[in-house]
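Everything below concerns the one structure shown next.
Derivation of every value follows stated rules applied to the coordinates shown; laboratory data play no part. This is a predicted model, so every value here is computed, not measured. We place every Cβ from the backbone using ideal geometry, glycine too, and count neighbours over all the protein chains shown.
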Amino acid sequence: MTDATVTRPAAARDAVSGARRVVVKIGSSLLTDDGRGLDERAIGEWVDQLAELHARGVEVVLVSSGAVAEGMVRLGWQVRPSALHDLQAAAAVGQTGLVRSYEDHFARHGVRTAQILLTHDDLSNRKRYLNARSALRTLLGLGVVPIVNENDTVVTDEIRFGDNDTLGALVVNLLEADALVILTDQEGLYDADPRSNPEAALIGEGKADDPRWAVVAGDGGRLGRGGMATKVRAARLAARSGALTLIASGHQPHVLSRLLDGESVGTLLTPDHAPITARKRWLAGQLQVRGRLTLDDGAVRQLRRQGSSLLAVGVVAVEGEFRRGDMVLCVDSVGEPVAKGLVNYDAFDARRIQGVASRDIAAQLGYIEAPELIHRDNMVIIGAD
Ligand SMILES: Nc1ncnc2c1ncn2[C@@H]1O[C@H](COP(=O)(O)OP(=O)(O)O)[C@@H](O)[C@H]1O
Ligand SMILES: N[C@@H](CCC(=O)OP(=O)(O)O)C(=O)O
């Protein structure tokens, strides 16, 4: 597939060097020294690089696998168990060691870390999605590096992500990160599985949604889940919110710094749409509308002209029964759609604060969830794509 190994316009790699918020995923295949326990030396080196990005002002979220693989080593198991309760036990045993290792290495740089264990429900239920999002944003705002993994100890087969490539991409969508960096045990995506095909050639760059990648990407190794197939899918998911995906070898010296400097390392998969457009498409297409807010003329102007968040003070009527995090439609005084977005208050409370200034919300409700009714990041203006 020679035409797949397309040239690498500097512009796309330049976009990588401009990334301000990055999700870095480190796979099981890399972390656990091929089943011999956590590779402390390698973890130390990745953390050095992550800390360097952090010091440059790049917001970093780490998605790390390795809980099950490390738990297996600690429990003396040679083969990855198939029974769910054994996997859950191994993850519980391994996760503590994994996070402690990262914490110790980041502490050398004076960088604080936090553990975030997510399940599928946390990202598909609107309220929990918003909670996860604000928790992660708060941590980033505090300069903390969140370390994310699937909460393997409580998930069941039907509801698990399974591989962390998918989880990494969903975290990218959640935070509208600029780039997803997937570190694995291969140099990147090849035009055939290099384990079985020594002639396989590295793909330097391509479009995330190119259907050819699904054909060439095979399954994973002994410890990893999903192989390249889930990495290619993750790139497509990340592209939904406009993010670039980089797939590269964690064994390459200074790989993260080099990638973020725009160097041509590994495989770069680019989104088709500019970030804002892609995010709007995603929001617009994503959710069912559960309610309707009628806005006064001032609020309509603010949304349309300034791209501002919607404040309760600009709402004159609330219809429907919705919960916090549901999608609602915003209309003007004659019922013309203005925007759609994820609402920060349920219908009952939204009625109580309609027309109320943000500073008076706490007094009105006895609590404040957010100063705005719909944050502009969670809103798409209708007809202004
Ligand atoms: N087209 C391909 N290009 C590169 N690697 C591939 C390809 N198809 C399958 N693979 C396999 O995917 C593996 C990486 O995935 P995986 O084992 O799940 O690792 P991780 O734990 O890093 O997610 C590689 O070791 C490689 O053998
Ligand atoms: N949550 C699991 C990760 C599963 C896994 O290995 O994923 P991947 O690194 O994508 O192959 C763990 O920590 O063991």
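Just a few scattered comments:
- Sequence-separation-based contact order of the chain, relative, with Cα cut under 8 Å and 6+ spacing, percent: 15 percent
- Positive minus negative residues near A347 (Lys, Arg vs Asp, Glu; Cβ under 12 Å): +1
- For the chain, alpha-carbon Rg relative to the globular expectation (2.2 N^0.38 Å, N residues): 1.05
- Between P271, P337, P211, the GNM of the chain built on Cα springs shorter than 10 angstrom shows P211 fluctuating the most.
- For V145, residues with placed amide H under 5 Å, excluding near neighbours: R112, T113, A114
- Our helix-only sum for the chain, with -39,500 (n - 2.57) per DSSP H run of n ≥ 4 divided by its residues, gives a mean residue ellipticity at 222 nm of -11500 deg cm²/dmol.
- DSSP bridge orientation in the chain - percent antiparallel, rounded to nearest 5: 35 percent
- Under the criterion of Cα pairs below 8 Å and six or more residues apart, the relative contact order for the range 121-179 equals 30 percent.
- Residues whose amide H lies under 5 Å from that of V63, counting only those 5 or more places away or on a different chain, are V24, K25, I26, V148; hydrogens are built 1.01 Å from N in the peptide plane.
- Three principal axis lengths of the range 24-90 [C-alpha, angstrom, descending]: 43, 22, 14
- Given +1 at the Cβ of Lys and Arg, -1 at the Cβ of Asp and Glu and no other charges, the dipole of the range 288-381 around its Cα centre is 140 debye to the nearest 20.
- Ordering L167, L130, L140 by the number of other Cβ atoms within 10 Å of each residue's own Cβ, fewest first, gives L140, L130, L167.
- Comparing L202, L269, L98 in a Gaussian network model of the chain where C-alpha atoms under 10 Å apart are linked, the largest mean-square fluctuation is found at L202.
- Computed E for N197/T96 - FRET, C-beta separation, R0 56 angstrom, nearest 0.05: 0.90
- Per-selection Rg to Rh, the range 95-174 - Cα, Kirkwood hydrodynamic radius: 0.98
- Listed from fewest to most Cβ neighbours within 10 Å, the set S196, S124, S101, S65 follows the order S196, S124, S101, S65.
- Once the chain from Q78 to Q252 is taken as fully extended at 0.36 nm per residue, the excess over their C-alpha distance is 59.9 nm.
- Compactness check for the range 58-204: Cα Rg over 2.2 N^0.38 Å is 1.14.
- Taking the chain as a Gaussian network of alpha-carbon nodes connected by springs under 10 Å, the highest mean-square fluctuation of the residues G110, G220, G143 belongs to G110.
- Rounded to 5, the percent of DSSP beta bridges in the range 288-381 classed as antiparallel: 70 percent
- Scaled to the globular estimate 2.2 N^0.38 Å, the Cα spread of the range 143-210, given as radius of gyration, is 1.41.
- With Cα atoms, 0 to 90° folded angle of helix 275-286 axis to the chain main axis: 70 degrees
- Value of relative contact order over the range 288-381, rounded to a whole percent, pairs C-alpha under 8 Å and six or more apart: 33 percent
- What you get for the chain, charging only the Cβ of Lys and Arg (+1) and of Asp and Glu (-1), is a dipole of about 860 debye around the Cα centre.
- Per-residue Cβ neighbour rank within 10 angstrom, fewest leading, R324, R212: R212, R324
- At an R0 of 25 angstrom, the distance between the Cβ atoms of R20 and L142 translates into a FRET efficiency of 0.95.
- Straightening the chain between D272 and A11 buys 92.6 nm, computed as 0.36 nm per residue apart minus the Cα-Cα spacing.
- Relative pair counts by distance (%), Cα atoms of the range 288-381, 10 Å bins: 19, 58, 22, 1
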